[in-house]
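Novice: Got a structure here, written out as structure tokens. Questions coming.
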Amino acid sequence: MLEDLIGSITKVGNYPVAHGGFGAIWKCTRETDLGPILVAVKSLLTSISDEASGAMEKKTERIRRELTICLRLKHPNILPVYGYTTGFGPFMAIVSPWADNGNLTTYLEREDTSLTIVKRFQILRDIAAGLQYLHTNNVIHGDLTGPNVLIHGDGTACLADFGLSLMYSDIVSISQASWTSAFHGNFRWLAPELLGMSEDNLPVRPRKYSDIYSFGGIMLQVLTSKVPYYYLREPAVILSISTGVKPSRSLYPAFSDKYWHFIEECWSAATQERPSAERVVEVISDECDLLCSSMEY
């Protein structure tokens, strides 16, 4: 059951700590029987037209239904949902654990020189395991990016905001429900097919294979500590993705050819040729085990 946390949540500071395509993240405390704990509260964006449409109750129920599904997902590499609260906008806000080490992008930037190749593959293994769990449960992440991978205090990586892109596209007004607005700032990991339109002239919805494309960008980022297309501004990134131009390997720190070839497999233009989440886990886990065993000698 989705827990009502209204009355137990207190903001830490007067402003959000981060903004994304779907809303803002607030650092808060939650009162528990054992004392206050840090939590993250995600508020969803809305518009005047949404409030004027008289459909707020229906949209709120959709959010509640999706969060109830999220509540059933239990995995160490999936960020759990504690419940919901209000006071962060017209929609209910999502309450989750606070990740002490922040998101993947800021973590890699901060810890770059201290991260061994083994630790990098342990992070990739966590991400792959979380993605496989989602796909096994027929949940599409839809927005697998550096900011949506969180790193806990013990270094464990977990996926956040899974399915939020699909939910968001259904609850905002039609004029807003486009990936160009929803993915603002997160294009660097975006699969090219998501920039198109479907036959009914609606945005193409994410699929499992588009998550795999995004994982390729995540793998490049984890191995090099640089986001995809770090050398380009967003308009040029969108143009590159739409025309099939991949990140230039020569502009990144050197790493093994076999890693690059697997990234390219994830980026295959033929969606059916991209690996499954199960194969991603197998490849990453095997390499992680190999690296760990080599460190023992």
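Novice: I'd like the distance separating the alpha-carbon centroids of segment 234-297 and segment 137-161, in whole Å.
Specialist: Answer, in whole Å: 18.
Novice: What does the charge add up to near ARG249, with Lys and Arg as +1, Asp and Glu as -1, over the other residues with Cβ less than 10 Å from its Cβ?
Specialist: The answer is -1.
Novice: Please tell me which of these pairs span more than 20 angstrom C-alpha to C-alpha: LYS226/LYS246; LYS119/LYS258; LYS208/LYS258; LYS119/LYS246?
Specialist: Cα-Cα > 20 Å for LYS208/LYS258; LYS119/LYS246; rest within.
Novice: If you build the Cα gyration tensor of segment 95-147 and take the root of 5 times each eigenvalue, what three semi-axes come out, in whole angstrom, biggest first?
Specialist: They are 23, 15, 9 Å, listed largest first.
Novice: By count of other Cβ within 10 Å, fewest leading, how are TRP267, TRP260 ordered?
Specialist: Fewest-to-most ranking of TRP267, TRP260: TRP260, TRP267.
Quick note: the coordinates plus some simple rules give every number you see, no bench work behind them. Source: prediction; values computed, not measured. Every residue, glycine as well, gets a Cβ built from its backbone with ideal geometry; the counts of neighbours run over all protein chains shown.
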